[in-house]
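To start, the structure under review is shown below, and the notes come after it.
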Amino acid sequence: MAKIKTRRYYIYYSAKILFCLLRLVPRSVSIFIADLLGRKAFRLLKKHRDITLLNLNTVFGQDKVENERIAEDVFRNVAKNGADWIKFLSYDKEGIGRLVTEIEGLENLDKAISEGKGVILLASHFGNWELLSAYLYSHGYTGAIIAKRIYFHKYDKSINRLRRRFGANIVYRDESPKKLLKILKDGGMLGILADQDVDSVEGVFVDFFGKPANTPVGPVKLGMVTEANLVPAFMIRKPDNTYKLIVEKSIELVSCGDKEKDVKRYTQEWTKVLEKYVKKYPEQWVWMHKRWKNQPDIGQEQTDHVE
């Protein structure tokens, strides 16, 4: 335990030094450095590389060359995200705005908010999800981000400092649901990541790329209780390393009289929206997560082995 704690501090302070260096250089330079680090991480982090390749093989088949290209691009994109997150500390609203050069469907979010019942913004580990919240909260939208508490306090403080910089409040998953209900009752927006197989949250199996995927039901259940609309949104990295914000039409939760079926139906609907974007931009989703870890029939965990 002592070794783990010491390693956490070592990683934390090493990251702080890197953060300071990246903040001092132009964004183009920090993106270039991050790209190199992403390529290096793809080669060094065998466990996560194997999980990524396993998932890509499962979804797209056994084209080894193409899957390895996509997998390396996934690591590069995550590294570039990290470089941009660091830059957030020195950006104002205008700086954030300059990163987003194309916007599509923002009227869908405005329409949902205008109904006064609050909005659950359905985000995912896709594109640059932290920029998604930073852009919206810096441009006048109010509310909170639902986050997992990181129990090493220095990590938690640093990450949430970035999130709060542009006006987002933080509500931890283990806090009272009353906080969430109040935000929606006041007509605010709740941002939530709901695209991973997480054992600690309630989920339901829905189809994702032709396989059952255990998917969190929290957003749908919260929407059913509050009548808030679910609005999927994506911040997509463009080839020039600027971004395109896309906001999909809201998913209006209309009960069919069977709560269990409703929950599964709307969780499936949201998952299909995500699948559409992952198919189009496969390099922008975080494939190194064991997305099909649990299965409804045999309950076996997905292994790290790639055949």
Checklist entry - In a Debye calculation with equal point scatterers on the alpha-carbon sites of the stretch 29-99 and no solvent, what is log10 I(q)/I(0) at q = 0.26 Å⁻¹? => result -1.06
Checklist entry - Along the three principal axes, how long is the chain when you take its alpha carbons, biggest first, rounded to the nearest angstrom? => result 52, 48, 43
Item to check | Positive-end extreme of charge dipole, the chain - chosen from GLY187, ALA34, VAL100 (charges on Cβ) | outcome: ALA34
Checklist outcome for this item: Filtering GluC sites (Glu not before Pro) in the stretch 220-298 by DSSP loop and by at most 16 other Cβ atoms within 10 Å leaves GLU227, GLU252
Checklist entry - Suppose every K and R has +1 on its Cβ and every D and E has -1 on its Cβ; what is the size of the dipole of the chain about the Cα centre, in Debye to the nearest 20? => result 1480
Checklist outcome for this item: Taking placed amide H atoms and a strict 5 Å upper bound, the residues 5 or more places from TYR172 or on another chain that come that close are ALA147
Item to check | Cα-projected label distance for GLU175 with PHE60, points at 7 Å along beta-carbon direction, nm | outcome: 3.9
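Can you check what the net charge comes to around GLY105, using other residues whose Cβ is under 13 Å from the Cβ of GLY105 (Lys, Arg +1; Asp, Glu -1)?
Working: positive: LYS111, LYS244, LYS249; negative: GLU102, GLU104, GLU107, ASP110, GLU248.
With Lys, Arg at +1 and Asp, Glu at -1, the net is -2.
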Checklist outcome for this item: Computed from the beta carbon distance with a Förster radius of 30 Å, FRET efficiency for LYS259 and PHE209 to the nearest 0.05 stands at 0.65
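Since every read-out is calculated from the coordinates, none of them should be taken as a lab result. Everything numeric here is computed off the predicted structure, so don't read it as measured data. Positions of Cβ are generated from backbone atoms using ideal geometry, with glycine treated the same way; all protein chains shown enter the neighbour counts.
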